[in-house]
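For reference, the structure is listed below as C-alpha cells.
The values are calculated or read from the model by the stated rules, or taken from the named source; none is laboratory data. From a predicted model like this one, the values you see are computed outputs, not experimental measurements. For neighbour counting, all protein chains shown are included, and Cβ atoms are generated from backbone atoms with ideal geometry for every residue, glycine included.
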Amino acid sequence: MSRDALPDPVLHRNRRSRLLDRLGDGLLLLPTAPEVLRNGDVHYEYRPGSDFHFLTGFPEPEAVLVAWRTGKGQHRSVLFVRPRDPAREIWDGKRHGTKGAVSAFGVDEAHPIGELWQRLPKLLEGHPTLFHRLGAAAALDRRLLEVFAGQAQKHRRRQPAAHPTIQDPIPELAAMRLRKDAAEIAALQTAATITAAGHCAAMRGARPGMFEYEVQAIVEAEFRRAGSPRNGYGSIVASGPNACILHYHDNDRKMREGDLLLLDAGAEFGGNTGDVTRTFPVSGHFSPAQAAVYRVVLRAQLAGIRACRVGAPWNAAHKACLRELTRGLVELAVLRGAVPKLLGKDAFKPWYMHGTSHWLGRDVHDVGAYQDAADVAEPLPAGAVLTVEPGLYFDANDRRVPKELRGIGVRIEDDILVTRAGPGVLTAAVPKTIREVEAMCRAGRTAN
C-alpha cells in the first residue's frame with residue numbers, strides 16, 4: 001500500500017462533515033492533483049493533492065470527490081477513482097479500485113473515474129450551489145462547462161439557469177486546515193522528529209573536503225530510514241558564501257575548513273512536512289565572528305518564538321525578530337544609531353530581506369490567510385503551526401560590513417505550534433545553542 005494512503009474513515013468523514021457544515025447546502029466537487037510528465041513517458045513522483053488528501057486519505061491519481069450535506073453533521077460522499085486493472089497493475093502497482101475506496105476510505109459510494117461526467121448531471125440535481133474552484137484544473141473546467149451546456153439544452157423549454165451558483169470552497173477549507181486537528185498535529189510532530197534526526201545526522205557527518213551534496217545524502221537517507229516517503233521541499237545545503245543565497249539548490253560546492261553550513265531541509269510524513277534550518281560549522285567549532293552573528297540570530301529567533309501566542313497578530317514574531325536583529329546589527333558595527341529610528345527606516349533590509357514566518361502543514365507554505373480584507377494582520381489561532389526563521393546574510397563582497405563578517409550567512413528555523421499554554425516548539429530536538437551545535441558536530445568525530 002502507498003505510504004500516502006491514510007485509511008481512517010472516521011477521521012476523514014468528520015473532516016468532510018465539518019467542511020460541508022461550514023459551506024452550507026450544495027455539491028462539493030474536488031479533484032486530486034494530476035500526474036505530471038517529467039520527460040518522455042516518465043512522470044514526476046506522484047503526490048496527492050493536499051486538500052483532496054486531507055478530506056479523503058486516498059492516495060491515487062485520477063480521483064475526484066463529490067460530497068453534499070444531508071443534515072447538520074451528516075453528509076454523503078462519492079469517490080470517482082481508477083478501476084482495478086490487472087494489466088496496468090503489473091506496471092504501476094496495485095490500485096484500490098471502487099470496492100477498496102469504499103471499504104478502506106469510508107465513502108458511501110465509489111465509481112470508475114470514466115463515469116464521472118455521465119453521473120455528474122444527476123448528482124447536480126437539487127443543488128443550486130456547486131462548491132468548486134474554477135481555474136485550478138482547466139481540463140475539468142472544460143468538461144464541467146460541457147455538462148452545464150448539455151443540461152441547459154436538455155431543459156431549454158423550462159429556461160433554467162445555465163448552471164448552478166459556483167462558489168469557491170477553498171477559503172473555508174483553508175481556514176479549517178489552518179487550525180490543525182489532533183491527527184494533523186501528530187503527523188506534524190512525527191515529521192518534525194524525523195526532520196530533527198536528519199539534521200542531527202548532518203551535523204555529525206559533515207566534514208571539510210566533503211561536497212554539499214554528500215551532506216544532502218546524509219540528511220535525506222535519514223529521512224527515508226525513519227519512514228518519510230519524500231522531502232517536503234528541495235533541500236538547501238549551502239556552505240560558505242552560498243549561505244547568502246536564500247533559495248540555493250545547486251548543493252555542489254566543496255566545503256572548506258572554517259566554513260559554516262546552512263542546512264534547510266524538512267521531511268514529510270502523513271501528508272505533513274517539517275521545515276527546519278540550522279547553521280553549523282563543518283570544522284566543529286564557530287570562529288569568533290561566526291559565533292557573534294549566530295548569537296544575534298538565535299536571540300532574535302527566541303524572541304520571535306515567545307511572540308507566537310494565541311490572539312497575537314500573525315506577524316508578531318517578525319516584528320520581534322526585526323527588533324533583535326537591528327539591535328544586533330548595531331552591536332556588530334554594521335549599523336549605527338538608535339534602534340527605533342533604524343527600524344523605522346528598514347535599515348536591516350540589506351542583510352535581512354525575507355519574512356520571518358509562514359504557515360506550515362501539508363504544504364511547506366501552507367494555506368491560511370495572513371491579512372483580512374482590510375489588510376490587517378490576522379490573529380494567531382490555537383492549533384496553527386508556523387515557522388520562525390530569522391537570519392543575517394553578509395555577502396562576501398559587501399564592503400558595508402566589517403571584513404570579518406563578510407561571507408557569513410546564518411539562519412535558524414523551527415516549527416511552532418500555537419497553543420493556549422504558549423508556543424510549542426515541535427522541532428526542539430534539533431540542537432541550536434552554540435554549545436549544543438558544537439557538541440553535536442564533535443560527536444560525529446568522536447564516533448569515528
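For the range 202-227, enumerate the residues that are closer than 13 Å to Gly444 by Cα, of a type in the set (A, V, I, L, M, F, W, C) and in contact (Cβ under 8 Å) with a residue 60 or more places away in the chain. Within the range 202-227, Ala202, Met203, Ala206 meet the criteria. The strands (runs of 3 or more DSSP E) found entirely in the range 1-100 that carry 1 or more residues being among the aromatic types (Phe, Trp, Tyr) and either in contact (Cβ under 8 Å) with a residue 24 or more places away in the chain or touching a Pro at 6+ places or on another chain (Cβ under 7 Å) (or both) are 64-71, 74-81. Here Met203 clears all of (1) in contact with a helix residue (DSSP H, G or I) (Cβ under 6 Å, 6 or more places away or on another chain); (2) at pLDDT below 95; (3) of a type in the set (A, V, I, L, M, F, W, C) except the condition numbered (2). Can you spot a residue in the range 121-138 that is within 20 Å of Asp51 (Cβ to Cβ) and among the polar types (S, T, N, Q)? Yes: the range 121-138 contains one or more residues that are within 20 Å of Asp51 (Cβ to Cβ) and among the polar types (S, T, N, Q). With respect to the conditions (1) modelled with pLDDT of 95 or more; (2) of a type outside the set (A, V, I, L, M); (3) farther than 20 Å from Ile113 by Cβ, Gly73 falls short on a single one, namely (1). Answer yes or no as to whether Leu405 is closer than 23 Å to Phe280 by Cβ and more than 30 Å from the chain's Cα centre (by Cα). For Leu405, the condition - closer than 23 Å to Phe280 by Cβ and more than 30 Å from the chain's Cα centre (by Cα) - is met.
From the list Val334, Val297, Val330, Val293, the one residue that fits, being at pLDDT 95 or above, more than 27 Å from Leu380 (Cβ to Cβ) and touching a strand residue (DSSP E or B) at 6+ places or on another chain (Cβ under 6 Å), is Val293.
Here's a check for you: in the range 401-448, which residue that is of a type in the set (Asp, Glu) and buried (at least 21 other Cβ atoms within 10 Å of the Cβ) is nearest to Gly361 (Cα to Cα)? Across the range 401-448, the extreme among qualifying residues is Asp415. Scan the range 273-283 and give yes if some residue there is touching a His at 6+ places or on another chain (Cβ under 9 Å) and acidic (Asp, Glu), otherwise no. Yes. Scan the range 66-84 and give yes if some residue there is under 29 Å from Thr273 (Cα atoms), surrounded by fewer than 16 Cβ atoms within 10 Å (Cβ to Cβ) and either within 29 Å of the chain's Cα centre (by Cα) or among the aliphatic types (A, V, I, L, M) (or both), otherwise no. Scanning the range 66-84 turns up no residue that is under 29 Å from Thr273 (Cα atoms), surrounded by fewer than 16 Cβ atoms within 10 Å (Cβ to Cβ) and either within 29 Å of the chain's Cα centre (by Cα) or among the aliphatic types (A, V, I, L, M) (or both). Of the residues making up the range 3-33, those that are within 20 Å of the chain's Cα centre (by Cα) and of a type in the set (Gly, Ala, Ser) are Ala5, Ala33. Go through the range 194-214 and give me each residue that's closer than 12 Å to Phe280 by Cα and surrounded by 23 or more Cβ atoms within 10 Å (Cβ to Cβ). Those that are closer than 12 Å to Phe280 by Cα and surrounded by 23 or more Cβ atoms within 10 Å (Cβ to Cβ): His199, Ala202, Met203, Ala206.
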